[in-house]
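These notes are about the structure you will find just below.
The values are calculated or read from the model by the stated rules, or taken from the named source; none is laboratory data. Everything numeric in this text was worked out from a predicted model, so none of it was measured. A quick note on method: Cβ atoms are made from the backbone with ideal geometry, for glycine too, and the neighbour counts reach across all protein chains shown.
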Amino acid sequence: MRPSDLQNLKKFLDEQTTRFNVHSFIHADPISIPHRFTKKEDREICGFLTSIISWGQRPIILRNASLLMEWMDHAPADFILNHTPSERRPFKKFVHRTFNGEDAVYFLKALQQFYRNHGGLEGTFETALKEASGTAEAIHNWRKLFLSFKSPGRTAKHFADPLANSSAKRLCMYLRWMVRKDNNGVDFGLWKNISPACLYTPLDLHSGKTARELGLLQRKQDDWKAVEELTINLRKFDPEDPVKYDYALYGAGITERYQLTDF
């Protein structure tokens, strides 16, 4: 792209980010579920479970994430830390697409191990990031620990692995929620020792299509290689916070497609 094209594209992305990175964005998005809580651990646990089931129709995602919180008596941190095997029984009937009760029960067990013995979700990811060569390896190692508590074989598919070339969209989205912070009140910015600069863009069908129309992504598959390519290009516009443009790609992909031919 010519410098003038890059300037115009940055202007467009900044405008769309400003438009969609607003509090009114929250109510129809999965992030609305952890926004019901104020305690850090409640938000990060609720956010993790909500992000894990965030695929399919949004009303169903919101309904099923709400059901998980209801079964935890709307106190996810206390439930994870203190629940007994008998209190996991209701979760055996949980179903969200291919995520079933067996998966739900294992996630509860693993989270309990994380918080009782490994420093919680933040502590385990921070350690994984320090010991890794980059974010992809950190997620891979985080996943390895999470699945190390005698997980059922079927459950591994619900914790994506970038080193297997998965786009890891839901994990990238979750990390955006936990790490990014600005004055708009959408993302939480709870994990203060991790820089937004190391985040990678959540990539799905809609954002991928928009990114390709804007010339930000050439790779045709929506995989980790595409995530890397897209994030590298977004860092040209804001190297310290490239993932803020997730709002622009989402919003433009849904409501502004008629404008994309300008670039």
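Observations, loosely collected:
- Test: residue in region 80-97 that is surrounded by fewer than 19 Cβ atoms within 10 Å (Cβ to Cβ), under 26 Å from Cys198 (Cβ atoms) and either touching a strand residue (DSSP E or B) at 6+ places or on another chain (Cβ under 8 Å) or aliphatic (A, V, I, L, M) (or both): no
- Evaluation of Phe125 against (1) at pLDDT below 95; (2) crowded, with 18+ Cβ neighbours inside 10 Å (one fails), failing number: (1)
- Flag set for Glu102, criterion: surrounded by fewer than 19 Cβ atoms within 10 Å (Cβ to Cβ) and in contact with a Pro (Cβ under 9 Å, 6 or more places away or on another chain).
- Residue match in region 138-147 (condition: touching a residue at least 40 places away in the same chain (Cβ under 8 Å) and either under 20 Å from Asp103 (Cα atoms) or not basic (Lys, Arg) (or both)): no
- Wholly within region 162-252, helices (runs of 4 or more DSSP H) carrying at least 3 residues that are under 13 Å from the mean Cα position of the chain (by Cα) and buried (at least 16 other Cβ atoms within 10 Å of the Cβ): 169-179
- Residues in region 14-41 that are of a type in the set (Asp, Glu) and closer than 15 Å to Trp177 by Cβ: Asp29, Glu41.
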